[in-house]
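For reference, the structure discussed in these notes is given below.
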Amino acid sequence: MNDILLVRGGRVLDPAAGLDAVLDVLVANGVVAAIGPGLEAAGARVLDAGGCIVAPGFVDLHAHLREPGFEQKGTIATETEAALRGGFTTVCAMPNTRPAPDCGPVLESIVDLVRRHARVRVFPIGCVTRERAGKELAELAELAAGGVVAFSDDGSPVADPRLMRNALALAEALGLPLSEHCDTPEMHTSGAMNEGAVSERLGLSGQPAAAEATAVARNIELAAATGARLHIAHVTTARAVELVAEAKARGLPVTCEVTPSHLFLTEAAVAGDGPEPAYDTNAKINPPLRTEADRRALLRGLEAGVIDAIATDHAPHAVEDKLVEFEDAAFGISCFESAAGTVFTLAARGELRIERAIAALTSGPAACFGLAERAPGVGRLEPGVSRDVVVIDPAAEWVVDPAGWVSKGKNTPLGGRRLTGAVRAVIIDGTLRWEREGASV
Amino acid sequence: MLDAPARLAGTAGGAAWTRKDLLDTDSLSREEIELVLETARSMKEVRSRPVAKVPTLRGVTVATLFYEQSTRTRASFEVAAKSLGADVVNLTASGSSVEKGESLIDTVRTLEAIGTDVIVMRHFRSGAPYLAARHTGASIINGGDGTHAHPTQALLDLFTMVNHLGSVEGRRVVIVGDILHSRVARSNAWTLLRLGAEVTLCGPATLLPRWFVPEVPGGGRCTVTTDFDRAIEGADVVMALRMQKERQQRGLIPSLREYIAGYQVNAQRLGRAAPGALLMHPGPMNEGVELSPDVAHGAQSRIEEQVANGVAVRMALLYLIAARSRA
Ligand SMILES: [Zn+2]
């Protein structure tokens with residue numbers, strides 16, 4: 001059943017349409033029916049969006065939903081509910097599940113789980129290699145036929161350059177992008193954090209920045225050689241941003257994403273804020289949080305459009321996965337429910353333009369994986385076509401309290417931090433699916 | 001009841017020990033370090049008595065919890081605890097991997113539940129004592145964690161230096177070897193800098209920190225160099241670190257032979273240090289690698305003294321920490 005909703009008086013921001021004005025948005029019959037000033041609709045429920053931003057539903061290119069196989073960390077139901085509350089109406093699910101979608105039948109079973117349990121639109125990503133082991137290619141054509149939007153072995157890079165070249169060539173022929181976790185693991189021993197002053201002080205093994213840059217450079221050359229669409233997952237270093245900029249200047253179809261965590265935090269989060277090193281396992285993420293210089297380069301790259309998308313890399317874990325010695329702790333940050341808050345806090349601080357932030361959460365990611373071809377209107381507010389709308393209060397202040405999250409993953413280094421900017425309401429398929437309690441919409 | 005604390009430990013300018021745990025040396029103040037040294041002097045006096053034992057920590061239970069082998073450090077703590085009349089429980093966690101179902105947190109909570117007051121912990125993972133300390137009311141003394149810190153070693157090294165030099169302020173200390181992976185080097189650098197020493201960290205480029213130079217506001221200066229022959233010139237203290245043979249297998253150094261040529265402390269090199277410079281080594285030593293045999297057993301070697309001082313310093317720390325928890 002669809003509501004008739006009138007989202008009144010918000011700042012309607014749709015970078016894809018070049019729209020930025022205080023307008024009303026009418027949602028009816030499952031779609032955005034009209035955008036304009038002074039709209040009226042008999043019997044419509046009115047959402048007062050004064051002071052708020054009204055944008056297309058957010059699109060996430062990189063999330064770990066954990067089901068099947070790791071239901072103690074998260075399920076499709078819990079994690080997509082968390083996505084919903086974070087303003088994400090379309091989510092691409094990474095294939096590091098058990099079993100992993102490396103062939104048609106496994107993919108089909110996952111698509112079925114999604115159909116039954118997902119609270120937001122979910123697009124699956126297929127494996128590059130069988131069981132993500134990096135040895136033999138997955139059934140790429142079968143996966144493409146089954147509806148994957150990209151290929152990735154995320155969590156581990158495709159180490160073998162010959163295999164990577166072949167995977168890119170096949171992906172190109174199938175018209176799909178390959179999203180690569182760029183790292184050169186041979187350069188470090190499962191580095192638990194960024195290699196630098198902090199890792200050396202704490203006595204932790206580190207991942208050098210060059211391990212990312214080396215892989216990015218290699219993969220760009222392989223993409224150039226095959227003509228494939230290469231998407232660099234979660235860039236974290238200044239040099240990787242430069243390499244992507246060079247690739248784009250060459251006209252190569254290379255895109256990339258950055259996580260809110262890497263935009264907002266640095267390696268200092270591992271050491272904690274006090275005088276004693278905290279070894280905060282909630283700040284352990286792969287690739288690791290980098291230096292302040294890297295963080296600033298990521299923000300610049302995002303502003304300049306070198307970075308196309310903000311992707312969460314939402315990675316929920318059970319408490320016991322993190323409540324161990326730092327080097328034994330699982331990698332990953334639960335991010336859906338804090339992502340918008342961190343991004344809009346950066347905007348409130350003047351570190352990121354709000355228009356650019358919205359683009360990187362909507363049209364940018366949709367374009368990377370060609371998602372509008374699969375679900376028309378995704379990533380934009382096109383009257384008669386688009387179905388998803390998010391309402392954000394950019395001035396709302398709140399304190400991160402993971403205990404209250406719906407995600408099974410409470411693993412965030414942001415607990416107790418004050419953020420500025422919160423999602424207030426989310427409309428999917430023309431229906432108001434969630435609104436923040438106490439919000440006056 | 002604690003027995004005659006005033007006789008055992010002074011008050012070092014009024015400073016009192018307030019910490020539940022001893023996890024590292026970078027957070028220690030100058031006053032706290034001096035309190036440890038002063039208390040260690042009293043303990044050394046106790047050790048020199050015919051019956052080197054006092055009942056000061058009677059009724060206190062000290063557990064040694066070692067996830068990594070070290071007969072020396074464990075024995076030193078055990079002797080220290082028993083010299084103060086404490087009961088000692090020794091636990092060895094077998095294997096080098098984390099055993100499922102018996103996590104570090106479970107273990108320290110169990111030790112606390114059976115009445116352990118102080119847990120001396122060695123662990124192959126950097127930062128493990130912090131995790132333990134956050135999850136138990138018992139005091140944690142870090143007996144060495146991964147490649148991070150070894151605070152009791154640093155304090156006993158400092159105690160040894162101060163006994164000979166009076167003060168380390170303005171003194172030049174060269175630490176040579178695998179600095180990058182050395183918890184001893186890190187903890188020594190922090191304590192020495194805090195007391196105003198000039199510290200040089202020296203070793204092959206692959207075994208030196210590239211970004212990290214410890215800094216202590218108002219403290220001494222720290223420099224990092226690959227040139228040992230220049231670094232040792234005029235040094236008051238030369239401290240050599242254990243070189244692990246696996247560094248060669250891991251491609252960090254071309255050969256032990258090349259390491260010896262560039263970084264072994266031998267008579268010729270030691271001759272370039274200040275007259276009477278102290279030669280130190282945290283042990284266990286690979287004789288003929290870090291030190292040539294003649295200097296290892298020569299007049300300037302303080303290696304055996306370090307071991308003896310280790311007991312006094314650990315007595316001091318156990319005393320300060322246990323006294324705090326019973327105050
Ligand atoms: Zn990844």
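Key figures
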item: Test: residue in region A:284-297 that is farther than 30 Å from residue B:23 by Cβ and either within 15 Å of the ligand (Cβ to nearest atom) or at pLDDT 95 or above (or both); result: yes
item: Total residues in region A:410-434, condition under 14 Å from residue A:31 (Cα atoms) and not in a strand (DSSP E or B); result: 2
item: Residue A:97 being of a type in the set (S, T, N, Q), away from the ligand (no atom under 16 Å from the Cβ) and modelled with pLDDT of 95 or more; result: no
item: Selected residue (criterion: farthest from the other protein chains (Cβ to nearest Cβ)) from residues of region B:117-131 that are open to solvent by 10 Å² or more (accessible area, probe 1.4 Å) and assigned to a loop (DSSP other than H, G, I, E, B); result: B:117
item: Matching residues in region B:194-224 - criterion: being open to solvent by 30 Å² or more (accessible area, probe 1.4 Å), within 12 Å of chain A (Cβ to nearest Cβ) and in contact (Cβ under 8 Å) with a residue 24 or more places away in the chain; result: B:224
item: Odd one out for residue B:278 among (1) surrounded by 18 or more Cβ atoms within 10 Å (Cβ to Cβ); (2) more than 22 Å from residue B:171 (Cβ to Cβ); result: (2)
item: Among (1) out of contact with any strand residue (DSSP E or B) (no Cβ under 8 Å at 6 or more places or on another chain); (2) under 23 Å from residue B:239 (Cβ atoms); (3) within 12 Å of chain A (Cβ to nearest Cβ) - the single one residue B:103 does not satisfy; result: (2)
item: Selection status of residue A:331, open to solvent by 10 Å² or more (accessible area, probe 1.4 Å), of a type in the set (A, V, I, L, M, F, W, C) and within 15 Å of the ligand (Cβ to nearest atom); result: yes
item: Filtered residues of region B:150-175 (kept if outside any loop (DSSP other than H, G, I, E, B), open to solvent by less than 10 Å² (accessible area, probe 1.4 Å) and within 14 Å of residue B:192 (Cβ to Cβ)); result: B:151, B:154, B:155, B:156, B:157, B:158, B:159, B:160, B:161, B:173, B:174, B:175
item: Matching residues, region A:200-219, being farther than 19 Å from residue B:210 by Cα and crowded, with 21+ Cβ neighbours inside 10 Å; result: A:215, A:216, A:219
item: Region A:220-240, residues that are within 21 Å of the chain's Cα centre (by Cα) and either modelled with pLDDT under 95 or open to solvent by less than 20 Å² (accessible area, probe 1.4 Å) (or both); result: A:230, A:231, A:232, A:233, A:234, A:235, A:236, A:237, A:240
item: Number of the condition not met by residue B:191 [criteria: (1) within 14 Å of chain A (Cβ to nearest Cβ); (2) in contact with a Leu (Cβ under 6 Å, 6 or more places away or on another chain); (3) of a type in the set (Ser, Thr, Tyr)]; result: (1)
item: Selected residue (criterion: nearest to residue A:335 (Cα to Cα)) from residues of region A:223-266 that are within 15 Å of the ligand (Cβ to nearest atom) and hydrophobic (A, V, I, L, M, F, W, C); result: A:258
item: Selection within region A:295-322 - open to solvent by 20 Å² or more (accessible area, probe 1.4 Å) and within 13 Å of another protein chain (Cβ to nearest Cβ); result: A:319, A:320, A:321
item: Within region A:155-199, considering residues that are open to solvent by 10 Å² or more (accessible area, probe 1.4 Å) and within 14 Å of chain B (Cβ to nearest Cβ), the one farthest from the ligand (Cβ to nearest atom); result: A:197
item: Qualifying positions in region A:17-43 - open to solvent by less than 50 Å² (accessible area, probe 1.4 Å) and at pLDDT below 95; result: A:41
item: Region A:273-283, subset surrounded by fewer than 24 Cβ atoms within 10 Å (Cβ to Cβ) and within 13 Å of chain B (Cβ to nearest Cβ), residue nearest to the ligand (Cβ to nearest atom); result: A:282
item: Qualifying residue in region A:383-398 (condition: of a type in the set (Phe, Trp, Tyr), at pLDDT 95 or above and in a strand (DSSP E or B)); result: yes
item: Pick from region A:323-344, criterion within 14 Å of chain B (Cβ to nearest Cβ) and among the aliphatic types (A, V, I, L, M), ranking: farthest from the chain's Cα centre (by Cα); result: A:324
item: Failed item, numbered, when residue A:150 is tested on (1) out of contact with any Ser or Thr (no Cβ under 8 Å at 6 or more places or on another chain); (2) of a type outside the set (D, E, K, R); (3) within 16 Å of the ligand (Cβ to nearest atom); result: (1)
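The values are calculated or read from the model by the stated rules, or taken from the named source; none is laboratory data. Not measured: the values here are computed from a predicted model. FYI the Cβ positions are ideal-geometry reconstructions off the backbone, even for glycines, and counts take in every protein chain you see. Each accessible area value is taken on the protein alone, full model and side chains, heavy atoms only, with ligands, DNA and RNA left out. Shrake-Rupley method; radii C 1.70, N 1.55, O 1.52, S 1.80 Å.
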